[in-house]
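To start, the structure itself, in structure tokens.
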Amino acid sequence: MSAQKPASWVYTEEFTHEVPLIEAARRRAHELGITPVTPGVGATLRLLAAAAHAKTAVEIGTGAGVSGLYLLQGMPGDSVLTTIDIEAEATRFARAAYSAAGIPTQRTRVICGDALDMLPRLADRGYDLVFVDGEELEYPEYIAQALRLLRPGGVLVVDDMLWHDRVADPAARDATTALLRDLGKELRDDDRLDVALLPVGGGLLAATRR
């Protein structure tokens, strides 16, 4: 790896400029103690949603509205984002962020509850994109549901898959790191998926459902 690689990663995160509404949502998220997606992850979400022409998307973990705003920027004007978070304050902040951005209420479905309880209620193969950014130790269960929800050609996106740069370190064997390392390999080798692992944010795994 060249000595410039870390600087290049910082450059990519700062390459796109956030609009003031997303900057404001990011500040509110930090006030609430929530870590939202980075600008690089947000820009990638917007790109993937646009490339997939995603009219229906599910988000696990609202990020207080930051990631949802990026997704909605990439989704068509008649699309619907379903976002799930167990924290009532996070869902309240997300609703406020969407309202401030002038997004019609019919374009978002904000659900306060445990994703593992809510996801089974959603329709099989009814979604174009699923973004996973919840509790890392529950990622395998989230992704099992996501693969059920995605239509053929749909996009799965999973945040924090490099987990503070620990996944790439074979000496790091804590429970979360080991789980995410194994999960990444399982998804890479899953015949139902075409997978890429992108070095933005905390590591973004993106896959299309065959």
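The values are calculated or read from the model by the stated rules, or taken from the named source; none is laboratory data. Fair warning: this is a prediction, and the values are worked out from it, not measured in the lab. FYI the Cβ positions are ideal-geometry reconstructions off the backbone, even for glycines, and counts take in every protein chain you see. The area values use the complete protein model at the heavy-atom level, side chains included, leaving out ligands, DNA and RNA. Shrake-Rupley method; radii C 1.70, N 1.55, O 1.52, S 1.80 Å.
Annotations for the structure displayed:
- If only residues of the stretch 76-88 that are of a type in the set (A, V, I, L, M) and within 14 Å of the chain's Cα centre (by Cα) are counted, the one that is surrounded by the fewest Cβ atoms within 10 Å (Cβ to Cβ) is Ile84.
- Hits in the stretch 180-207 - residues which are over 21 Å from Gly40 (Cβ atoms) and open to solvent by less than 20 Å² (accessible area, probe 1.4 Å): Leu183, Leu193
- Here is the figure for the stretch 134-165: residues that are out of contact with any Phe, Trp or Tyr (no Cβ under 6 Å at 6 or more places or on another chain), assigned to a helix (DSSP H, G or I) and open to solvent by less than 40 Å² (accessible area, probe 1.4 Å) total 6.
- Restricted to the stretch 166-179, and to residues there that are in contact with a helix residue (DSSP H, G or I) (Cβ under 6 Å, 6 or more places away or on another chain) and not in a helix (DSSP H, G or I), the residue that is least open to solvent (accessible area, probe 1.4 Å) is Val167.
- Residue check, Val132 under 23 Å from Pro36 (Cα atoms) and within 15 Å of the chain's Cα centre (by Cα): yes
- Among the residues of the stretch 161-210, those identified as farther than 21 Å from Lys5 by Cβ, small (Gly, Ala, Ser) and in contact (Cβ under 8 Å) with a residue 24 or more places away in the chain are Ala175, Ala207.
- Qualifying position, being under 29 Å from Glu31 (Cα atoms) and touching a His at 6+ places or on another chain (Cβ under 9 Å), among Met75, Met161: Met75
- Taken over the stretch 87-133, the residue count meeting the criterion of being part of a loop (DSSP other than H, G, I, E, B) and in contact with a strand residue (DSSP E or B) (Cβ under 7 Å, 6 or more places away or on another chain) is 5.
- Residue check for Arg121: farther than 23 Å from Thr177 by Cα, open to solvent by 20 Å² or more (accessible area, probe 1.4 Å) and out of contact with any Lys or Arg (no Cβ under 8 Å at 6 or more places or on another chain): yes
- Among the residues of the stretch 148-160, those identified as touching a Leu at 6+ places or on another chain (Cβ under 7 Å) and touching a residue at least 60 places away in the same chain (Cβ under 8 Å) are Leu149, Gly154, Val155, Val157, Asp159.
- Inter-residue pairs, beta-carbon under 7 Å, first touching a residue at least 40 places away in the same chain (Cβ under 8 Å) and in the stretch 23-38, second open to solvent by less than 40 Å² (accessible area, probe 1.4 Å) and hydroxyl-bearing (Ser, Thr, Tyr), 6+ apart: Val37/Ser67
- Test: residue in the stretch 70-85 that is touching a Cys at 6+ places or on another chain (Cβ under 7 Å) and closer than 29 Å to Gly153 by Cα: yes
- Candidates in the stretch 37-71 are the residues that are part of a loop (DSSP other than H, G, I, E, B) and touching a helix residue (DSSP H, G or I) at 6+ places or on another chain (Cβ under 6 Å); of these, the one that is most open to solvent (accessible area, probe 1.4 Å) is Thr38.
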